[in-house]
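The values are calculated or read from the model by the stated rules, or taken from the named source; none is laboratory data. Keep in mind the model is a prediction, meaning the values are calculated, not measured. Please note: Cβ atoms are built from the backbone with ideal geometry, for glycine as well, and neighbour counts cover all protein chains shown.
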Amino acid sequence: MVEKTPIAILISGRGSNMMALLEACAQPDYPARVALVLSNKPDAPGLDIARKFGIETSFVDHKSYGRDREAHERDINQILEKTGVKIVCLAGYMRVLTPYLVTKWSGRMLNIHPSLLPAFPGLHTHEAALKAGVKEHGCTIHLVTPGVDEGPILAQAKVPVFENDTADDLAQRVLVQEHRLYPETLARFITEKRS
């Protein structure tokens, strides 16, 4: 029986990377289990998907906190700690985190970003890649640090950029790699932490 590290997945939307992680964690030999899916939006479609998997879900609506981002994160952290998770995976969580939460989970919080960092941090990465005329694009899994998309890189996957690509074409090609890379990288990260 493989020891399964409890993880939380933070989402803001449909959670396609969450799905990839849920499916991986459902495998008996995978070294993690999803103990919680949490969103900053009460109506995030990914919450319903997680519930269908029998996963505990929660939301902390950021709108209730006005501009006090740290108070929002303190309440998120309380739930994370109460649930007993050891690692937090950001999967389409569309909030820039404050130093409070980043520091609390330093070295234990992963993010997936749809570009080959350090190129194209932030939003609209596929449009930026096309505009820059790059020949390769892709995705990055990194540890979360206070700087946006600046943490140590754990893994990357590349895709070619074709002449007639739209941002949607590129996004779809990158997404296929994201869904493969996140579960692989998380498993390796956990295994290396244990050894």
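Summed over the range 41-61, residues that are outside any helix (DSSP H, G or I) and either small (Gly, Ala, Ser) or modelled with pLDDT of 95 or more (or both) total 12.
A count restricted to the range 78-102 and to residues that are at pLDDT 95 or above, within 16 Å of the chain's Cα centre (by Cα) and either in a helix (DSSP H, G or I) or surrounded by fewer than 16 Cβ atoms within 10 Å (Cβ to Cβ) (or both) stands at 4. Quick test for you: out of Asp29, Asp75, pick the one residue that is surrounded by fewer than 23 Cβ atoms within 10 Å (Cβ to Cβ) and either assigned to a loop (DSSP other than H, G, I, E, B) or touching a Lys or Arg at 6+ places or on another chain (Cβ under 7 Å) (or both). Of the residues listed, the single one that is surrounded by fewer than 23 Cβ atoms within 10 Å (Cβ to Cβ) and either assigned to a loop (DSSP other than H, G, I, E, B) or touching a Lys or Arg at 6+ places or on another chain (Cβ under 7 Å) (or both) is Asp29.
Of all residues in the range 6-18, how many are within 11 Å of the chain's Cα centre (by Cα) and closer than 14 Å to Glu178 by Cβ? Of the residues in the range 6-18, 6 are within 11 Å of the chain's Cα centre (by Cα) and closer than 14 Å to Glu178 by Cβ.
For the range 154-167: of the residues being in contact (Cβ under 8 Å) with a residue 24 or more places away in the chain and outside any loop (DSSP other than H, G, I, E, B), which is farthest from Thr185 (Cα to Cα)? Among those that are in contact (Cβ under 8 Å) with a residue 24 or more places away in the chain and outside any loop (DSSP other than H, G, I, E, B), it is Ala167. Does Ser64 satisfy the criteria of being hydroxyl-bearing (Ser, Thr, Tyr), part of a strand (DSSP E or B) and either under 29 Å from Lys193 (Cβ atoms) or out of contact with any strand residue (DSSP E or B) (no Cβ under 7 Å at 6 or more places or on another chain) (or both)? So Ser64 does not fit the description; no. In a residue-by-residue description of the range 144-151, the property of being under 20 Å from Gly15 (Cβ atoms) and of a type in the set (D, E, K, R) applies to at least one position.
Against the conditions (1) buried (at least 19 other Cβ atoms within 10 Å of the Cβ); (2) of a type outside the set (S, T, N, Q); (3) not in a strand (DSSP E or B), Leu38 satisfies every one except (3).
So which of Arg180, Arg188 is under 29 Å from Leu47 (Cβ atoms), surrounded by fewer than 18 Cβ atoms within 10 Å (Cβ to Cβ) and in contact (Cβ under 8 Å) with a residue 60 or more places away in the chain? Talk me through it step by step, then tell me what you get.
Working: Arg188 fails: in contact (Cβ under 8 Å) with a residue 60 or more places away in the chain.
Exactly one of Arg180, Arg188 is under 29 Å from Leu47 (Cβ atoms), surrounded by fewer than 18 Cβ atoms within 10 Å (Cβ to Cβ) and in contact (Cβ under 8 Å) with a residue 60 or more places away in the chain, namely Arg180.
Kindly indicate the residue of the range 123-153 that is among the aliphatic types (A, V, I, L, M) and either surrounded by 19 or more Cβ atoms within 10 Å (Cβ to Cβ) or assigned to a loop (DSSP other than H, G, I, E, B) (or both) and also farthest from the chain's Cα centre (by Cα) among those meeting that condition.
Per the stated criteria, the residue is Val134.
Does Phe120 satisfy the criteria of being outside any strand (DSSP E or B), of a type in the set (Phe, Trp, Tyr) and over 23 Å from Pro31 (Cβ atoms)? I'd like the intermediate steps shown before the answer.
Values: outside any strand (DSSP E or B): yes; of a type in the set (Phe, Trp, Tyr): yes; over 23 Å from Pro31 (Cβ atoms): yes.
So Phe120 passes the test.
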